[in-house]
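Shown next, in structure tokens, is the structure this report addresses.
Taken together, the values in this text are just the output of simple stated rules run on the coordinates, not laboratory data. Quantities reported herein were computed from a predicted structural model and do not represent experimental measurements. Here the Cβ positions follow ideal geometry from the backbone for every residue, glycine too, while neighbour counts run over all protein chains shown.
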Amino acid sequence: MKVFLIAAISADGFIAKTSDQLADWTSSEDKKLFTRLTKEAGYMVMGSRTFATIGRALPDRKTIIYSNHPETIIGGDDDAIEITQESPAELVKRLAAAGIPGLAICGGAQIYSLFAEAGVIDEVYLTIEPILFGSGVPLFGKDLDIALELIETNQLNEHAILLHYRVLPKQ
Ligand SMILES: NC(=O)c1ccc[n+]([C@@H]2O[C@H](COP(=O)([O-])OP(=O)(O)OC[C@H]3O[C@@H](n4cnc5c(N)ncnc54)[C@H](OP(=O)(O)O)[C@@H]3O)[C@@H](O)[C@H]2O)c1
């Protein structure tokens, strides 16, 4: 099972201006990429704040929401949604044993950090959108030391670039 982080960032490294902002500033090409890769994976992981900005389960995928307050998740009783507090290692082990093809780590910053710190991410897809926020929610906001190897770059449109990396094993 491939575990990958997928994010769109401003050119200065933020995933949003505020933690309740919708992802309405990203390009249609990035949204298409997100839909394709998450459908191929079949399973997505996100934090409760990110889920609140989407407000529903996305079609043809299972959404696993991290929350310590499951009762506060609106729409949490949908069959396509699971709410968990498992460690990333436990979740990845459980899904791999169930034969799931892939797991997309879909943010936000708290969940990207949780999975990056746990060392369970195999690949990273970063779309750099042509915008500067100056301040906001950073991609991680935690101290990390993770080496990457570039697999491919792809110009998604005239101004947005996809960087696709492999995570190198810890030395
Ligand atoms: N540009 C992009 O690609 C992209 C992608 C994703 C998100 N975003 C943006 O990121 C922002 C949200 O990011 P965020 O970092 O503020 O929040 P987040 O990571 O989406 O969610 C944080 C919540 O996750 C839960 N959580 C975190 N760690 C947990 C753990 N170990 N166990 C159980 N639950 C845990 C907690 O929920 P409870 O409070 O319910 O306990 C916490 O409040 C939004 O603006 C969103 O639009 C952007």
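Using 0.36 nm per residue of separation minus the Cα-Cα distance, give me the extension gain between residue 161 and residue 122 in nm, one decimal.
Details: separation 39, 0.36 × 39 = 14.04 nm, distance 2.03 nm.
Here the answer is 12.0 nm.
Arrange the following residues from fewest to most other Cβ atoms within 10 Å of their Cβ: 35, 26, 63.
Lowest to highest Cβ neighbour count: 35, 26, 63.
Between rounded, prolate and oblate, where does the range 64-103 land on the alpha carbon gyration tensor, with a ≥ b ≥ c its root eigenvalues, rounded for a/c under 1.5, else prolate if a/b exceeds b/c?
oblate
In whole Hz, what ³J(HN,Hα) sequence does the range 83-97 give by Karplus (6.51, -1.76, 1.60; θ = phi - 60°), x for Gly and Pro?
Karplus values, whole Hz, x for Gly and Pro: 10, 9, 10, 4, 6, x, 4, 5, 5, 4, 5, 5, 6, 4, 5.
What's the lysine pair count for the chain at a Cα cut-off below 20 Å, pairs eight or more apart or interchain?
Number of lysine pairs found: 14.
Order these by the 10 Å Cβ neighbour count, fewest first: 37, 148.
On the way: 37 19, 148 15.
By the 10 Å Cβ count, ascending: 148, 37.
So for the chain, taking the charge dipole from beta-carbon charges (+1 Lys/Arg, -1 Asp/Glu), which of 38, 157, 25 sits furthest toward the positive end?
My answer, from the dipole projection, is 38.
Which of rounded, prolate, oblate describes the chain, given a ≥ b ≥ c as roots of the alpha-carbon gyration tensor eigenvalues and a/c under 1.5 marking rounded, otherwise prolate only if a/b is larger than b/c?
In terms of gyration-tensor shape, rounded.
Taking the Cα centre of the range 1-79 as origin, work out the dipole magnitude from +1 charges on Lys and Arg Cβ and -1 charges on Asp and Glu Cβ, in debye rounded to 20.
It works out to roughly 240 debye.
Say each of residue 77 and residue 22 gets a label point 7 Å from the Cα, pointing the same way as Cα to Cβ; how far apart are those two points in nm?
Output for this residue pair reads 2.6 nm.
Between the range 150-171 and the range 87-149, what is the separation of their alpha carbon centroids in Å?
14
Provide the per-residue ³J(HN,Hα) series for the range 117-130, in order, calculated from phi with Karplus coefficients 6.51, -1.76, 1.60 and θ = phi - 60°, each as a whole number of Hz, with x at glycine and proline positions.
5, 6, x, 10, 8, 8, 9, 10, 10, 10, 9, 9, 8, x
At a threshold of 8 angstrom on Cα-Cα distance, excluding pairs fewer than six apart, so keeping six or more, what relative contact order does the chain reach in percent?
Rounded, it is 33 percent for the chain.
Looking at 65, 116, 89, which one has the Cα that reaches farthest to the positive end of the dipole of the chain (charges on Cβ: Lys, Arg +1; Asp, Glu -1)?
89
Rounded to the nearest 20 debye, what is the charge dipole size of the chain about its Cα centre when +1 sits on each Lys and Arg Cβ and -1 on each Asp and Glu Cβ?
Roughly 180 debye, rounded to the nearest 20.
Which of the three applies to the range 126-171, rounded, prolate or oblate, going by the alpha-carbon gyration tensor with a ≥ b ≥ c and a/c under 1.5 meaning rounded?
oblate
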